[in-house]
Amino acid sequence: MCVSRMRLGAAVLALALAGSACEDGGAPDTALPASDADADDLGDFAAAPEWSAEEMTAAAQAMLELGFPNPKAPYDAYMSLLSFRDEVCPGEGDQLVGQEMAQGGCTASTGAHYEGNTTLLVTDESGGDVERRSFSLGGDFLIEDPEGYRLAGGGGMSYGISRAGSGQVDWFGESAGTWIHDRRDDWLGLGISSTVTFGGSAGGDNAVLTLDGSLGLDGVYVQFVDLTWRDGCDAYPQGSVRMRDPSGLWSTLDLADRCDGCGAWSIDGLGEPTEACLDLRPYGSAIAELGTW
Amino acid sequence: MVIFALLACAPEAPPPAEPVAEALVPLDNLRLLRRMSLDLRGVLPSAEELDAVEADSAQLDVLRDQFLEDPRLEDRLVALLAEQWHTRIDAYDIDWYDFDLGPTDEHRFEKSVGEEPLRLMAYVATHDRPWSEIVTADYTVANELLRDIWPLEYPEGGSGWEVSRWTDGRPPAGVLVSNGLWWRYSTNPFNKNRTRAAAIFRLLVCEDFPARPVSFADATEGFAGVDSADRLSTDPYCLACHAAIEPLASSLYGFWWFRQYSPTEMTSYHAEREMLGTDALGASPAWFGEPVVGLEDLGRHIAADGRFSECATRTLATALWRRDTVLEDQGRIDALEEDFVAGGMRVPALLHALTDSAEYRAGGVTAAASEEVSDREVTARLLSPELLGSITLDLTGWAWEVNGFDQLGNDTFGYRMLANGVDGEFVTRPAQDPTLTWSLVLARTAEAAAYTAVQHDLVAAEAPRRLLQQVTLTTLPTDASFQDELAALHWRLLARRASEDDLAALTTLWTALEADGGAAAAWTGVLAALLQHPEFASY
């Protein structure tokens, strides 16, 4: 392991986000060549993309297949891990609060360790014309279960849904910050860094799903810009998807009004657009499924 | 007419500068050797080095060249750069308890974080690499503590500060992607990285936007009912700075956070957030109007900016001249910068040139010097807390450390600010005049260091001796070795041969103290007196 004695969420996430940098187990190459660089050539720098359209969309597609960043996953994990509590640790209620928790935390008699601070707001309103349910889990925390698996979060996960007697259903959610639960082997197990908002409406005249924001997962970075799924488009969205090349350049796949997941792709500011495709239907399905909670 | 118009618009030429060299009296060679040794190595010259320069003044240059290759130069550059980069603060949003560290690691944690960008720069400087590498390097410099808490590849078997590489995909951009820098210069949802942009401008191109004189007098009425965010992008008073700040702030969103106190958020780079700045600030990433693609591109734009090399020159001139550079220095700075650039932006050559300068070598002013020059030039420098610590450690083996805290390097429990140092937040430039608290810290340091030396050299009589080489607890003032020891101490500590009066005064002090507390107390008192002598405490 090239990073030793790392602990807590930061360390876990750092390793997760580090990708395969140390997977070969070899010593890192930190030797520097002698430098004869001159400042004169610095102004001529121009980044060149490392990936083609196919490579870029393949990487993004692989990332999408790791799953949609459903805020319910870390929320469910959090609530589940609270079951390892005892009478004293981590205290009353479902939030981690106080200076002691922020500075070292506590270890319950079950062996579970709780550390950091959280805010948890849960609403469940029913009986009226409109049924509303929501949760919002925010904070900066780490929970280690008795087997040593860790859930760490820095940011906020929220979700809400309302159902009207008319049959109209509206839902929304947000995934922001960095989160990891290393017991899992999906997107949350790998560790996610994101600022994603999504929403949906169904049951009325205007069924629609939306997705916006940025997502970093498994070394791939994308930004969803005004993605919208509407009826009659074979579950393909409109909008655009931006993807980051390893060089640091960003590219844009403009899905426009097409209904096949394809569109004009180009590196920002460079070259002519070319055709590329990205299958976002699984994300649409995942957002739609969240309307059934 | 065009020529006249151009002339009318040309910047006003600086007033003719008083020839500085003619207004300043240089230090004698021995005191100059002492100044160079302290600035470049952090320790006093040895008796042998003093002897060599006393016998042959040409040895001064020989020794200066050796100092410029001394490994201790790296620590000195860290200390000198810290005075202007202000990264060695006592508390970050992320704290030691966020990691698997104990309370006694607190100072080591804070020092390590704050020194990370400084160590990178010191590495570039001392390894004779082009200074531009501080904003283009694909590495940083980290120690074992940072290896354990940050996503870094650190050499197997390495120890101390080593070249290390980030493993979280952040662009190769030297200090621009330094956790230490951005933990120090934090931001918030209202500030939107503007503080960070202002830090880059100040530190790398010496454009201090917050220090600019901005008058809102004519705009006050117009502020009523206008959204301040709109104002920043429309009002000429605001645009004077924000036209440059916003695009740079926009380029820094890979370091944006959603939880300010979350180590999971603050430790890693977030490439997917790079584009958020464009929406948040309404400005695409750019460097003074030139679009940039990511931080690697930004680093190269900064390095290619003519102000970058000038700023490096000013930064190191400020560090060694112990004062801010002023308009009257422009000609000197231009000349130094020209050579710096022509030589490939190598710092040792710049340090060589700066230590040749009249401003550096000044030990006084001539009777004919103007009041302006007399007020401006720092002809006697006070020991900084870092120097006080490194000298006493080298001489006596004593380090003022309590529960892991270097008491001369922190202000949580220590005395850094009281000793005229910089904490980076509340005190941002070193004091140059003696203060009451500085003298108190000096006195306590001198006493403790003297006690340590006497206990080691005379009471425990451990070998090898550290400072007292010729006497024992039974040596008397009438013994030749007694007077020889006093003379040697005077020579080593003050870089001046002791006069008969000096020796007599020290002997009188020793005799009085010995009568009261014995020989160990007497030597402790004599040594403590020398260690707070004005000629010891200044250089």
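Below are the figures for this structure:
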item	result
Spacing of the two label points (7 Å from each Cα toward its C-beta) at residue A:87 and residue A:226, in nm	6.0 nm
Alpha-carbon centroids, segment B:329-350 and segment B:251-266: separation in whole Å	37 Å
Kirkwood Rh, angstrom, the protein assembly as shown [1 / mean 1/r, Cα pairs]	30.3 Å
Fully extended contour minus Cα-Cα distance, from residue B:211 to residue B:127, at 0.36 nm per residue	26.9 nm
Centroid-to-centroid separation of segment B:106-178 and segment A:251-293 [C-alpha atoms, Å]	39 Å
R0 of 35 Å, Cβ-Cβ distance residue A:133-residue A:62: FRET efficiency to nearest 0.05	0.55
Fewest-first sequence of B:209, B:340 by Cβ atoms within 10 Å of each Cβ	B:209, B:340
Neighbourhood net charge (10 Å Cβ-Cβ; Lys/Arg +1, Asp/Glu -1) for residue B:400	-1
Proxy reagent accessibility, fewest Cβ within 10 Å first, across B:256, B:523	B:256, B:523
Gap separating the Cα centres of segment A:138-177 and segment B:449-470, nearest whole Å	65 Å
Span per principal axis, largest first, for the Cα atoms of segment B:96-304 (Å)	63, 37, 31
Sorted by Cβ density within 10 Å, fewest first, the residues A:285, B:499	B:499, A:285
R0 of 56 Å, Cβ-Cβ distance residue A:147-residue B:429: FRET efficiency to nearest 0.05	0.55
Two-site FRET efficiency, residue B:105 against residue B:440, from Cβ-Cβ distance with R₀ of 35 Å, rounded to 0.05	0.75
Computed label-point distance, nm, for sites residue B:54 and residue B:503 using a 7 Å Cα→Cβ extension	1.2 nm
Cβ-based net charge around residue A:194, under 10 Å, with every Lys or Arg adding one and every Asp or Glu removing one	-1
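Rule-based calculations on the coordinates, nothing more; no lab input. This one's a predicted model, so the numbers in the text were calculated from it and none came from an experiment. Here the Cβ is made from the backbone with ideal geometry for all residues, glycine too, and neighbour counts use every protein chain on show.
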